[in-house]
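Derivation of every value follows stated rules applied to the coordinates shown; laboratory data play no part. It should be emphasised that the depicted structure is a prediction, and the values quoted were computed from it without experimental measurement. Cβ coordinates were reconstructed from backbone atoms using ideal geometry, including for glycine residues, and neighbour counts include every protein chain displayed.
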Amino acid sequence: MADELPRTHGFDPAMAGRRAECDGGAMIEGTHFATRQDFAGVLTGEYVDHGDPPWRWYLMKDLYVKPEGYLADSVWCESGMVFLVGEQR
């Protein structure tokens, strides 16, 4: 589609294998409302820069904290909401 926002895929070795937490939102089924959700796992180093100006999203796998009913084993986290475990920002 001509109206799609620019998207660039990449890999950041400095982020690969780091334990992290992130939070984000998801729609509440059957409503027009969203709720906060917490995730914790291991960053893969894979990222997508999406939009103009670009927002960076990191892929997190091996989730050991995820919302009840969340079936996937991975999640994309917006870079501003990624908190490295045991490290200060």
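Counting neighbouring Cβ atoms within 10 Å and putting the fewest first, the residues Leu59, Leu5 line up as Leu5, Leu59.
With a Förster radius of 22 Å, plug the Cβ-Cβ distance of Ile28 and Trp55 into 1/(1 + (r/R0)^6) and report the FRET value to the nearest 0.05. Taking R0 as 22 Å, the efficiency between Ile28 and Trp55 is 0.40.
The value of relative contact order for segment 7-84, using C-alpha pairs under 8 Å at least six residues apart, is 32 percent. Only the Cβ atoms of Lys and Arg (+1) and of Asp and Glu (-1) were treated as charged; on that basis the dipole of the chain about its Cα centre amounts to roughly 260 debye.
Indicate the gyration tensor shape class of segment 1-53 (rounded, prolate or oblate), computed on the Cα atoms with a ≥ b ≥ c the square roots of the eigenvalues: a/c under 1.5 is rounded; otherwise a/b larger than b/c is prolate and the rest oblate. Walk me through the intermediate numbers first.
Working: a/c = 3.50, a/b = 1.12, b/c = 3.11.
Because a/c hits 1.5 or more and a/b fails to exceed b/c, segment 1-53 counts as oblate.
The structure shown yields Rg and Dmax of the Cα atoms in Å, and of the options (i) 17.8, 57; (ii) 12.8, 44; (iii) 14.0, 43 that calculated value carries the label (iii).
Put in order of Cβ neighbour count within 10 Å, fewest first, the listed residues Glu87, Glu46 become Glu87, Glu46. In order along segment 73-83, the phi-based Karplus estimate (6.51 cos²θ - 1.76 cosθ + 1.60, θ = phi - 60°) of 3J(HN,Hα) comes to 9, 8, 8, 8, 10, 5, 4, x, 10, 9, 10 Hz; Gly and Pro are listed as x.
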